[in-house]
Structures are given as C-alpha cells and as structure tokens.
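The values are calculated or read from the model by the stated rules, or taken from the named source; none is laboratory data. The shown structure was predicted, so the numbers you read here are calculated from the model rather than taken from an experiment. Here the Cβ positions follow ideal geometry from the backbone for every residue, glycine too, while neighbour counts run over all protein chains shown.
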Amino acid sequence: MNISKDSVVIFHYSLTDTAGEPLEDSGKNPVAYLHGHDGMLPALEKALEGKTAGEKFELTLPAAEAYGERQADREQRIPRKHIVAPKKPQVGSAALVQTKQGRQQVTVLKLGHTMVTVDTNHPYAGMDLVFKLEIVDVRPASAEELAHGHAHGPGGHHH
Ligand code: ZN
C-alpha cells in the first residue's frame with residue numbers, strides 16, 4: 001500500500017549534516033510512526049506521502065524546515081535536579097530536563113552543584129540536515145493506534 005493518512009510506516013533512516021557528519025540512525029531495528037498525526041517533521045511526512053515499502057530516498061532539509069533556526073535568547077538557569085538524564089551530565093552535551101511543558105532536550109552549558117545553565121534550542125536547531133530513508137513496511141493503523149495518535153509494536157510506542 002501507498003503511504004497516506006492513518007498508515008503506519010516502518011522505516012530505517014540515517015541523519016547527517018550537509019558535510020556528511022553522522023548524527024543519528026535507526027541502527028538494527030527500524031522505527032515506526034503513524035502518518036498524518038504530527039509525529040514527524042512536516043517536510044518529512046510530505047516527502048513520504050504516496051511512497052511504498054522498498055523505496056529508498058534522500059531528503060535535504062534547510063534548518064527552517066527541520067528543527068528551526070537557533071535562537072540566541074534560549075539560555076536558562078534551572079535546578080540541577082530537573083535533569084532527568086544522563087545521570088552525570090557533561091558540559092557541551094545533550095540532557096533531558098523535566099519542564100512544565102514536559103520533557104525537553106537541551107544542551108548543557110554550565111554545571112553547578114545545585115544549578116545548571118542550559119541552552120533550550122533543539123540540538124539540531126540551525127542545522128541543515130540530510131535524511132536518508134528506506135521504507136520497510138506500510139500497513140493500515142489499528143483502531144487503538146488511531147485513538148492514541150501513534151504507532152504501536154516494534155519501532156513504535158510500548159505501553
Ligand atoms: Zn499508544
């Protein structure tokens with residue numbers, strides 16, 4: 001079947017910057033998402049629309065269509081205990097923090113005993129990104145997946 005609204009798409013991907021520097025990939029196990037429910041970058045979903053299992057393609061997205069431009073005023077001092085992971089945060093590395101809006105990925109700028117300074121820009125903000133995708137499978141979503149708004153099973157959400 002072709003990818004359309006309410007399809008569950010199972011795919012492998014790799015992500016690099018425009019110089020080819022690797023950032024992340026799906027590794028051994030493909031990931032799954034529910035098409036048409038804002039689970040992916042809109043530009044990626046648009047490129048996936050209509051494709052079928054077995055197709056491979058590459059997509060270069062300017063920062064504005066990926067994770068946005070880097071904002072200069074996104075530094076914040078927060079209590080160190082709000083860092084959820086990793087256990088030993090490092091300056092210059094990503095960390096996951098608990099905020100009023102939920103969990104958010106940040107970059108650690110300064111580490112104190114009780115307070116830390118973080119940059120709340122997405123780690124890929126301001127970067128042009130190259131996605132390489134290989135579609136492994138496309139199937140209709142179950143009623144439960146549609147009710148939850150995300151894919152279940154391997155590569156998807158586990159409850
Ligand atoms: Zn669910």
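Brief remarks follow.
- Pairs are defined by a Cβ separation below 6 Å, a sequence spacing of at least 6 or placement on different chains, a first member in segment 143-159 that is over 17 Å from residue 38 (Cβ atoms) and more than 8 Å from the ligand (Cβ to nearest atom), and a second member that is outside any loop (DSSP other than H, G, I, E, B) and among the β-branched types (Val, Ile, Thr); the pairs so defined are 155/10; 155/31.
- Of residues in segment 14-63 being assigned to a loop (DSSP other than H, G, I, E, B) and of a type in the set (A, V, I, L, M), the one farthest from residue 2 (Cα to Cα): 19
- Segment 39-54, residues that are touching a Leu at 6+ places or on another chain (Cβ under 8 Å), small (Gly, Ala, Ser) and under 18 Å from residue 155 (Cβ atoms): none
- Of everything listed in (1) aliphatic (A, V, I, L, M); (2) in contact (Cβ under 8 Å) with a residue 60 or more places away in the chain; (3) more than 16 Å from the ligand (Cβ to nearest atom), the single unmet condition for residue 106 is (2).
- Checking the stated criteria, residue 85 turns out to be under 25 Å from residue 154 (Cβ atoms), small (Gly, Ala, Ser) and under 19 Å from the mean Cα position of the chain (by Cα).
- Close Cβ contacts (under 8 Å, 6 or more residues apart or on different chains) running from residues in segment 65-76 that are at pLDDT 90 or above to residues that are loosely packed, with under 13 Cβ neighbours inside 10 Å and not charged (D, E, K, R) comprise 65/42.
- Taken over segment 120-153, the residue count meeting the criterion of being surrounded by fewer than 17 Cβ atoms within 10 Å (Cβ to Cβ) and either over 20 Å from residue 44 (Cβ atoms) or of a type in the set (Phe, Trp, Tyr) (or both) is 8.
- Residues of segment 125-137 include none that is more than 21 Å from residue 13 (Cβ to Cβ), away from the ligand (no atom under 16 Å from the Cβ) and in contact (Cβ under 8 Å) with a residue 24 or more places away in the chain.
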